[in-house]
Amino acid sequence: MSDRMEIDSDRPLESDADQRLDVRALIAGIVILCGCLALTWTASGYGIGTPRRMGPGFFPFYLGIIGTGLGALMTIRAFVAPLHAGADVPLRRVIFIGLAFVFFAIAVEPLGLVLTIIGTTLLGAFADREARPLQSLMLAVGLALSIWVLFVVLLGLSIPVWPGAQ
Amino acid sequence: METFANLAGGFATALTAVNLFYCFAGVAMGTLIGALPGLGAMLGIALLLPLTMYLTPEAAIIMLAGIYYGGEYGGSISAILINVPGTPSSTVATLDGHAMTKQGRAAVALFASAMASFIAGSVGIILMMLFSPLIAKIALSFGSVEYFAVMLLGLVGAAAVASGSRLNALVAVLMGVVFGTVGTDISSGVQRFTLGFPEFISGISLVALAMGIFGFAEIACSHTTSISDKSSSKIRLRDMLPTRDEVRRSFGPLFRGTALGALLGALPGTGPTIASFMAYAQERRVSRHGDQFGKGAIEGIVAPESANNAAAQTAFIPTLTLGIPGTATMALILGALIVQGIQPGPRMMVENANLFWALIASFWIGNLFLLVLNIPLVGLWVKLVRVPYRFLFPSIICLISVGVYSIDLNTFGVLVVTGIGLIGCLMRAAAIPAAPFLMGFILGPLMEENLRRALQLSRGSFVDFLSSPIAAVCFALTALALLLPIAAALVAMRRT
């Protein structure tokens, strides 16, 4: 538990230095609060039942109530004891990686495995600013080949390999 | 001597060519992914989950478990050589391990780490062999109330010891449990929170969720800088032997680290990471060479390395005997077994005893593989760790996509990975940890089911729950874990 205690003992120092509103925690708290209210509302529509005969909404309903409380606590803490513990999320990487996954999902059935893997790899590679086009293309071709061998040849999956194969 | 007969049966299963291969594949994958900073055993297990659908339950769990304890070995390689911990549990190994590398004694540090890991791992396995059947025997008398209470304690305990804010960890657990309720309610057949997608009727897929949160979010948000330091690339076997004095100084730390790690590994919530930090702190207090800590003291490597490997083995005890995982990685392995149609718990120890003993046998074999992989072949890992992330990340994206798609040949799973990944990134931005989220997701449905049965038996009375001593103790500990931080905060406020 020692790492935890160290963090605890650092906390007063941090909050002394930074008493500004913790905007991220505030947003997170409000999202959790609203989400759990919606959860409670939806769950009550499923039928709560009684403790003796729990309905399908029983468990989620009480989860929603507990979550609403936790969300409220998070919101209050953002004002009272800001932690500023959130990590910075590199937007460029998130966007390109997200695009790579979405491209795979859209492309694999019409375009087949080989072209899809090449496209996914290139999109994924450009999440990194250091990526160079030629290198990435070589990686893409290599990956397409090895994934074809692994999943289609060895495991025998019926994934379309080329366009129009379905 | 029943234990030995069982173990012999286990070895017979584990030593078949197929299982040997998957054991080796698991520990090799674990070492690699553990050695790569920013990527942990969780990602390795998630990546190979789709593959396990093609395997027997024995081969599947042998491989997944291999990734887990292999990761503990691999993490220390990068900690010692490049001062970047490969896994959170190898963070403390950077202190003295890298100090030794700077003195040109990297080989000794690597040898000490691998040997300490091996010995502690072996002790952990022996403890597992001795205690698991006993705990399973007690757990056979567990009813729904006890299960519900122990799971609740496990989840709240995991949140209480998570690094960072306890409140955020509790929010993560709750979110996980909520995500676990998506799909058809087993007792009434009502479809809950499916948002109109027919794919969600059977619930959110564990594979897609794990890959989103530990694949997408991990590679998008982790601070990974390519490693270009080339100073320590030559590791020769004959440089590896520690001095006689160092060997003598290692016995105490090895013993104490193993004992501490074995205990913490088996407790809910605490795992290898906490064990390694505590072992280091404990050794610095106890040691006569306390002043040398941080400057390349061998005790500073042996103690945390033995603690985290002992913990990695004993963590399997509650997971397999009670069906209650102590850490998120164990939860994922539990989930993989459930997908295979095996419900870990005391009944598994009776009905699938051979699976349990085959796993134990594979631990011995896997640890031997790891010793070979880590001592003569350490140079190979050092080279592999230098693969730039701009090659590694696109490869992981492709493997995740194809892996998830291959499960049911439906692209919906890949979109779920994307959605969960984005949620994972937002959680990071708000400092809500991912590990408790996964634990909640896996334990949530089991908790709901046990709560329903417990309430049926007690005729809807919550007060009756306290008539079971085990449940009462668990509820009391849960309340303590929740109230203690609040009380501490109030005291702190009064003072200022």
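Since every read-out is calculated from the coordinates, none of them should be taken as a lab result. Keep in mind it's a predicted model, so treat the numbers as computed, not measured. For neighbour counting, all protein chains shown are included, and Cβ atoms are generated from backbone atoms with ideal geometry for every residue, glycine included.
Some observations on this one:
- Average beta carbon contacts from partner chains per residue of B:432-444, 10 Å cutoff: 1
- Approximate spin-label separation A:Arg92-B:Leu409, in nm, with each point projected 7 Å along Cα-to-Cβ: 4.0
- Spin-label zone in the range B:282-325 - amide nitrogen under 12 Å from a point set 7 Å from the Cα of B:Gln343 along the C-beta vector: B:323
- Computed E for B:Val473/A:Leu155 - FRET, C-beta separation, R0 45 angstrom, nearest 0.05: 0.40
- Separation of alpha-carbon centers, the range B:173-210 and the range B:408-447, rounded to whole Å: 12
- Helical contribution to [θ] at 222 nm, DSSP H n ≥ 4, -39,500 (n - 2.57), averaged over chain B, rounded to 500: -24000 deg cm²/dmol
- In degrees, nearest ten, helix A:133-147 long axis to first principal axis of chain A (Cα): 90
- Theoretical ellipticity at 222 nm over chain A - DSSP helices of four or more residues, -39500 (n - 2.57) apiece, nearest 500: -23000 deg cm²/dmol
- Peptide B:278-290, shielding by other chains (average Cβ, 10 Å cutoff): 1
- Three-way shape call for the range A:91-154 based on the alpha-carbon gyration tensor, with the a/c threshold at 1.5: oblate
- For B:Tyr73, A:Tyr46, B:Tyr68, B:Tyr22, order by how many other beta-carbon atoms lie within 10 Å, fewest first: A:Tyr46, B:Tyr22, B:Tyr68, B:Tyr73
- Mean per-residue shielding of peptide B:453-465 is 2, counting Cβ atoms of other chains within 10 Å of each Cβ.
- Cα-based helix-to-principal-axis angle, B:328-339 vs chain B, degrees rounded to 10: 50
- Footprinting exposure proxy for B:Arg284, A:Arg53 (fewest neighbouring C-beta atoms within 10 Å first): A:Arg53, B:Arg284
- FRET efficiency, 1/(1 + (r/R0)^6) with R0 51 Å, evaluated for A:Cys34 and B:Phe4 via beta carbons: 0.30
- Karplus-derived HN-Hα couplings along the range B:283-295 (A = 6.51, B = -1.76, C = 1.60, θ = phi - 60°), whole Hz, x at Gly and Pro: 5, 5, 6, 6, 5, 7, 9, x, 5, 7, 5, x, 10
- The protein assembly as shown shape via C-alpha gyration tensor axes, a/c threshold 1.5: rounded
- About the Cα centre, charge dipole magnitude for chain B (Lys/Arg +1, Asp/Glu -1 at Cβ), debye: 1260
- The residues B:Phe363, B:Phe293, when put in order of fewest to most other Cβ atoms within 10 Å, stand as B:Phe293, B:Phe363.
- For A:Gly49, residues with placed amide H under 5 Å, excluding near neighbours: A:Gly55
- Net dipole in debye of the protein assembly as shown [+1 Lys, Arg Cβ; -1 Asp, Glu Cβ; about Cα centre; nearest 20]: 740
- Taking 18 Å as the cut-off, the amide N atoms of the range B:388-429 that come nearer than this to a point 7 Å along the Cα-to-beta-carbon line of A:Leu134 belong to B:391.
- Inter-probe distance in nm under a simple model that places probes 7 Å from Cα toward Cβ, at B:Val463 and A:Ser44: 2.7
- The 3J(HN,Hα) values that the Karplus relation (6.51, -1.76, 1.60; θ = phi - 60°) gives for the range B:82-91 are, in residue order, 10, 6, 10, x, x, 10, x, 6, 9, 4 Hz. Gly and Pro appear as x.
- Shape category assigned to the range B:365-407 from the gyration tensor of Cα positions, a/c cut at 1.5: oblate
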